[in-house]
Amino acid sequence: MARWPTMTTSPAPARRALPDAPLLVAARGGSPAHVPVWFMRQAGRSLPEYRQLREGVPMLSACFDPEMLAEITIQPVRRHGVDAAILFSDIVVPLHAAGVDIDIVAGTGPVVANPVRSRSDVDALPELDPEQARPVTDGVRLLVEQLGTTPLIGFAGAPFTLASYLIEGGPSRNHERTKALMHSEPDLWHALAGALARITLTFLRAQLDAGVDAVQLFDSWAGALSARDYREFVLPHSAAVLSGVADYGVPRIHFGVGTAELLGDMRDAGADVVGVDWRLPLDEAVRRLTVPGGAAPVVQGNLDPALLFASWPVIEAEVRRIVAEGRAAGGHIFNLGHGVLPDTDPDVLTRVVELVHSL
């Protein structure tokens with residue numbers, strides 16, 4: 001069994017003090033020295049130094065090698081001057097660490113040997129012991145030593161997205177088996193999502209105990225759901241994860257793709273910062289997230305990653321527009337609307353960072 005309950009009142013561990021780090025200031029609704037910027041999937045694929053380091057090394061092997069994951073994580077900080085490092089990992093890492101037979105197949109993504117479809121399958125899911133995540137947390141400790149004043153973001157996959165992979169057996173366009181199980185066997189669904197919430201919480205708390213400065217919960221496929229289904233089947237389990245790390249006092253970022261109609265619910269799950277994909281202007285996202293009488297929301301996003309292949313004048317205009325729209329928020333962390341695409345020119349990313357900082 002995991003060592004931590006869903007909620008805890010134990011004292012949070014001591015954290016390194018980064019009072020002026022722009023990302024952390026913005027995430028808390030303050031006024032940073034400049035608009036902070038980092039990129040989802042900045043650690044990896046687009047960098048030649050990453051491809052050289054990873055040559056011949058399977059993805060999951062790299063994720064469980066403390067020295068390698070630390071080096072990959074810090075490469076974009078070194079090259080681009082981004083305002084945060086994002087831990088090099090994958091959303092299925094805690095499942096693999098716990099003993100689930102899952103692999104990341106090049107060109108396909110996560111593939112599950114034995115998909116979860118029945119009560120016995122759910123009952124057979126292992127819990128994650130924090131010790132099983134030791135290679136990851138050892139990498140976090142190395143990074144905390146090396147990053148200086150640059151914050152480190154830890155992350156995990158949200159219960160719905162993990163459940164979708166387990167039920168479908170791999171990536172899915174329509175999530176048909178997932179939705180069918182969700183509606184036809186709601187008790188079984190909640191048992192599965194609850195088990196995955198415990199695994200996710202254990203994984204995030206292990207990263208926090210090792211020293212990460214913020215966390216991001218990725219619900220990559222939540223945009224496939226209606227708002228009603230999200231509130232009934234997903235929100236309680238994401239909320240259990242986000243509330244379970246609240247005692248650490250670090251910013252909690254929540255992001256999904258195609259979630260324009262779910263932003264308020266994702267905020268209600270316990271997010272301090274809501275990530276916005278490229279489909280919705282940031283000022284409109286702020287309007288949807290604003291609660292009467294409440295503080296102005298903090299948002300993250302949202303340049304379309306495909307536009308990084310356009311000419312520089314196009315990119316510059318888009319960056320300026322997004323930064324201007326972000327001024328409607330209580331805080332804005334510049335990012336892409338999803339991850340860096342593999343063939344992106346790294347020099348373009350560096351120029352985007354320099355431009356954002358200049359604004």
Charge dipole magnitude, Cβ of K and R +1, D and E -1 - the chain, Cα centre, debye nearest 20: 540 debye
Relative contact order of the stretch 243-298, pairs being alpha-carbon contacts under 8 Å that are 6 or more residues apart, as %: 32 percent
Relative contact order, percent, the stretch 106-202 [alpha-carbon distance under 8 Å, six or more residues apart]: 43 percent
For 24, 355, 152, order by how many other beta-carbon atoms lie within 10 Å, fewest first: 355, 24, 152
Helix 159-168 vs. the chain, principal-axis angle (Cα, 0 to 90°, nearest 10): 60 degrees
Highest-first arrangement of 182-190, 126-134, where packing means the average Cβ count within 10 Å: 126-134, 182-190
Distant-in-sequence amide H partners of residue 336 (H built 1.01 Å from N, under 5 Å): 40, 303
Residues 298, 105 arranged by fewest to most Cβ contacts within 10 Å: 105, 298
In degrees, nearest ten, helix 66-80 long axis to first principal axis of the chain (Cα): 30 degrees
The stretch 153-217: C-alpha gyration tensor shape, a/c 1.5 cut-off, then a/b vs b/c: prolate
Residue 57/residue 291 FRET efficiency (R0 56 Å; Cβ-Cβ; nearest 0.05): 0.75
Least to most buried among 122, 136 (fewest other Cβ within 10 Å first): 122, 136
Normalised contact order of the chain, rounded percent, pairs of Cα under 8 Å and 6 or more residues apart: 22 percent
For residue 231, net neighbour charge (Lys/Arg +1, Asp/Glu -1) across residues whose Cβ lies under 12 Å away: -4
Share antiparallel - DSSP beta bridges, the chain, percent rounded to 5: 15 percent
Calculated log₁₀ intensity ratio I(q)/I(0) where the Debye formula runs over C-alpha points of the stretch 200-249, q = 0.16 Å⁻¹: -0.51
Alpha-carbon Rg with Dmax, taken over the chain, Å: 19.1, 56
Cut-off 12 Å between beta-carbons: net charge of the residues surrounding residue 94, Lys and Arg +1, Asp and Glu -1: -1
Dipole in debye (nearest 20) - the stretch 275-359, about Cα centre, beta carbon charges: Lys, Arg +1; Asp, Glu -1: 400 debye
Shape of the stretch 20-95, Cα gyration tensor, a/c cut at 1.5: prolate
Principal axes of the stretch 164-265: Cα extent on each, largest first, Å: 40, 27, 23
Estimated [θ] at 222 nm from DSSP helical runs (n ≥ 4, -39500 (n - 2.57)) normalised by residues in the chain, nearest 500: -12500 deg cm²/dmol
Crossing angle, helix 235-244 versus the chain [Cα axis fit, 0-90 degrees, rounded to tens]: 70 degrees
Modelled FRET efficiency - R0 25 Å, residue 358 with residue 45, Cβ distances, 0.05 increments: 0.40
Cα centroid of the stretch 204-225 to Cα centroid of the stretch 76-153, whole Å: 10 Å
Listed residue (153, 18, 114) projecting farthest to the positive dipole end of the chain, Cβ model: 18
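The numbers here are math on the coordinates, done by the rules we state, and not lab data. Just so we're clear, the structure is a prediction, and the values are computed from it rather than from any experiment. Note: ideal-geometry Cβ built from the backbone for every residue, glycine included; neighbour counts use all protein chains shown.
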